[in-house]
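We did not get these values from a lab; they are worked out from the coordinates using the rules stated. Small disclaimer: the values here were computed from a predicted structure and weren't measured. Don't worry about glycine lacking a Cβ; one is built from the backbone with ideal geometry, like all the others, and counts go over all protein chains shown.
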Ligand SMILES: Nc1ncnc2c1ncn2[C@@H]1O[C@H](COP(=O)(O)OP(=O)(O)OP(=O)(O)O)[C@@H](O)[C@H]1O
Ligand SMILES: [Mg+2]
């Protein structure tokens, strides 16, 4: 069975979390002290582990999770770890709530599109294909009717061979052009959809590899059996992909526009109906994925209300929210609520909390980050950074690693020493220092 994947873009901002490979749990879902790049925060990791199990067994649909805790305590890190544990078959979409506000579309439209990017549809399809190594390909070239100095193929003759059979086909001008554009040539092993003519190059045959030796492509075995056969394909597309494909079909303007734009609700409803029919006919399966909305406090009351309603639909993803706010105003209102989230939404969320790190944990996280970035740290420099992490924040200490390393390099040293850390900490203040500075400055202005 072939697997053709088309899953929504997974991560854009993983830089700071590139050391995280998973939740670091044992088979009883107990958190190991340090594993998969994660340190401490055991309760939250174990909670996340159960949630991964529930998601994988389809028992989380329409539910939501809130990860709440002070800044820099690993909320985003844990969400990243959840996505790693889920594997690539389950869509995982990460956004910051700020991304819903743009001049291109209504915020609720941006939210619903994002939600639909987090729902996969696994489509199974049996198609008749021609499969084999190309052993002959002759184009019949004629002058281009619009530009006689150019030649285009009017047709082509294609010979495909498996280990057991050889067949020759005559190919239309449209297909022949497609071959030319895709650089299809003798020696390629290909699969051609008999009905649509869509061609996929699987690789080069071993024989061709020896002859040309151009590198950069997969060398594959020549298939066995018949050239023409039925093959089962599995595609994972998202509801949003289907919405877009359908929207394109109904509007001519989209031909000229590559920008993201609003999609009619009727189109989404038609897609839902279509997908439901496929599911009933056993041709497709719904794969509810995860939508992780970071910096949830940036959502306003309208977005919250809209999301709450959308979560009730049978085609809703699992929502993970993250907040570092305690009691605060729900954006767009004067209502104070826990985490700035409306109570009716909070009511349906499972809540995971993260706690402040101990000195040792901060130190271990810094060691892991340094190793991930290939930065050598002197023992005392590590202690100094850890102190800064304790006194200011873990994030601040993590962020000082890169500039400190640059200072080490300027000294022609490959190793970060205390002086490099101090120099970096002098140049880059943390957020408390910078706001204190501005406050002092404001006061001075007022007394003028
Ligand atoms: N338990 C942990 N183990 C390993 N690395 C961690 C852990 N917790 C946090 N980190 C790392 O520390 C940095 C800060 O953590 P993160 O961004 O996840 O905090 P946060 O809780 O999302 O903060 P904020 O509320 O500001 O969004 C990141 O680089 C993250 O990968
Ligand atoms: Mg975060």
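Take each of the peptides 224-232, 112-120, average the number of other beta-carbon atoms within 10 Å over its residues, and list them starting from the highest.
Put in order of decreasing packing, that is 112-120, 224-232.
Let me test this: with uniform point scatterers at the alpha carbons of the chain, what is the Debye-based log₁₀ I(q)/I(0) at q = 0.07, 0.08, 0.12 1/Å?
The Debye formula, applied to the Cα set alone, gives -0.54, -0.68, -1.13.
Relative contact order for the chain using alpha-carbon pairs under 8 Å, separation at least 6, rounded to a whole percent?
RCO, the chain: 21 percent.
With the chain treated as a Gaussian network of Cα nodes joined by springs under 10 Å, which of 69, 40, 136 yields the largest mean-square fluctuation?
136
With springs only between Cα atoms under 10 Å apart, run a GNM on the chain and tell me which of 154, 269, 295 wobbles the most.
Looking only at 154, 269, 295, the largest GNM fluctuation is found for 154.
Tell me the Kirkwood radius of region 120-168: reciprocal of the mean inverse pair distance over distinct alpha-carbon atoms, in Å.
13.9
Give me the extension gain from residue 279 to residue 262: residue separation times 0.36 nm, minus the current Cα-Cα distance, reported in nm with one decimal.
My answer for the length gained is 3.5 nm.
Taking only Cα atoms, what is the 0 to 90° angle, nearest 10, from helix 107-117's long axis to the longest principal axis of the chain?
60
Angle between the Cα long axis of helix 359-372 and the longest principal axis of the chain, 0 to 90 degrees, nearest 10?
The two axes meet at around 30 degrees.
Once you put a point 7 Å from the Cα of residue 106 and another 7 Å from the Cα of residue 411, both along the Cβ direction, what distance in nm separates them?
Roughly 5.9 nm, to one decimal.
Just how far, in whole angstrom, is region 412-436 from region 62-113 if you go by their alpha carbon centroids?
Answer, in whole Å: 32.
When the chain is treated as a GNM, springs tying every alpha-carbon pair under 10 Å, which of 237, 95, 190 comes out with the largest mean-square fluctuation?
Maximum among the listed residues: 190.
Treating region 102-255 as a set of equal point scatterers at the Cα positions, no solvent, please give the Debye-formula log₁₀ I(q)/I(0) at q = 0.20 Å⁻¹.
Debye intensities relative to I(0), on a log10 scale: -1.19.
Along the Cα→Cβ direction, 7 angstrom out, place labels at residue 30 and residue 428. What is the inter-label distance in nm?
3.8
Relative to the first principal axis of the alpha-carbon coordinates of the chain, what is the inclination of helix 301-310, with its axis defined by its Cα atoms, in degrees from 0 to 90 and to the nearest 10?
Around 50 degrees separate the two axes.
Restricting things to alpha carbons, tell me how big region 1-150 is in terms of Rg and Dmax, in Å.
23.0, 73
Roughly what % of DSSP beta bridges within the chain run antiparallel, to the nearest 5? Please report the intermediate quantities before stating the final value.
Details: 49 of 77 bridges.
If we restrict to bridges inside the chain, about 65 percent are antiparallel.
Just to be sure I understand: of the beta bridges DSSP finds with both ends in region 125-234, what percent are antiparallel, rounded to 5?
Bridges in region 125-234 are about 95 percent antiparallel.
Evaluate the distance, in nm, between pseudo-label points positioned 7 Å from the Cα of residue 327 and of residue 193 along their respective Cα→Cβ axes.
5.8
Mean separation of Cα pairs under 8 Å and 6+ residues apart, divided by the residue count of region 125-234: what relative contact order is that in percent?
35
In terms of the ratio Rg/(2.2 N^0.38 Å) built on C-alpha atoms, what value belongs to region 359-433? Show your work: numbers first, answer last.
Working: Rg = 11.0 Å, N = 75, 2.2 N^0.38 = 11.3 Å.
Against the compact-globule rule of thumb, the ratio is 0.97.
Exposure proxy check: 89, 243 ranked by fewest other beta carbons within 10 Å? Numbers along the way, then the final one.
Working: 89 14, 243 21.
Listing 89, 243 from fewest to most nearby Cβ atoms yields 89, 243.
Only helical DSSP H runs with n ≥ 4 go in: add -39500 (n - 2.57) per run for the chain, normalise by residue count and round the 222 nm mean residue ellipticity to 500 deg cm²/dmol.
Working: 14 runs with 167 residues, N = 448.
So the calculated ellipticity at 222 nm is -11500 deg cm²/dmol.
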